[in-house]
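Shown next, in structure tokens, is the structure this report addresses.
The values are calculated or read from the model by the stated rules, or taken from the named source; none is laboratory data. As the structure is a prediction and not an experimental result, all values here were calculated from the model. Note: areas computed on protein heavy atoms with side chains; ligands, DNA, RNA excluded. Shrake-Rupley method; radii C 1.70, N 1.55, O 1.52, S 1.80 Å.
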Amino acid sequence: MAMLIEGEERIEAPVQAVWQGLNDPEVLKDCIPGCQELEKKSATEFAAVVSLKIGPIKAKFNGEVELQNLNPPYSYTISGEGKGGVAGFAKGGADVTLKEDGPNATILSYQAKADVGGKMAQLGSRLIQSTSKKLAAQFFSDFNTRITGTAEPETS
């Protein structure tokens, strides 16, 4: 089951700072929903362990992430694949583009493609699509907060 997710995030930081964050395993680990481990294997390869709950299925994915088509500090493609045992598999990638929006702001645009199989694909496309969009939005929101050092006020 393949899907496409697109979005944009305005980050109050210069392009270079955003680029560095997108290439920092600690920043990425903190921002990827459910990420338990993210180990840099080379300048462009990472090994990841991510736990996610999608509908009634909770799965731990072991996977590989690779950065491709690098055009520092303006764009790259991030692609990965993870296996979640009986839950199935997930694979996909995102084209990420950074554009200056004044001297201290960046527009981060992304176009992500994802494909899931196994038990997860049986959950239905609406649930998979809405969960995927929510996870992407959460990542970029958390990334924005991490880069700018601002946190949304907590509401009780």
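At the listed q of 0.24 Å⁻¹, the Debye profile of segment 60-120, built from one uniform point per Cα, gives log10 I(q)/I(0) equal to -0.92. Estimated from helical segments only, the mean residue ellipticity of the chain at 222 nm is -8000 deg cm²/dmol, where each DSSP H run of four or more residues counts as -39500 (n - 2.57). Rolling a 1.4 Å probe across the protein heavy atoms gives segment 1-78 an accessible surface of 54 Å² per residue. With the largest listed first and rounded to whole Å, the semi-axes of the equivalent ellipsoid of segment 10-98 from the Cα gyration tensor are 25, 14, 12.
Each distinct pair of alpha carbons in segment 1-60 adds a 1/r term; the inverse of their mean, the Kirkwood radius, is 13.8 Å.
Centre-to-centre, using Cα atoms only, segment 87-156 and segment 33-48 are separated by 17 Å. Heavy-atom surface analysis with a 1.4 Å probe gives the chain a carbon and sulfur content of 50 percent of its accessible area.
From the coordinates of this entry, Rg and Dmax of the Cα atoms in Å is computed, and it appears in (i) 17.0, 55; (ii) 15.5, 48; (iii) 13.9, 43 under the label (ii).
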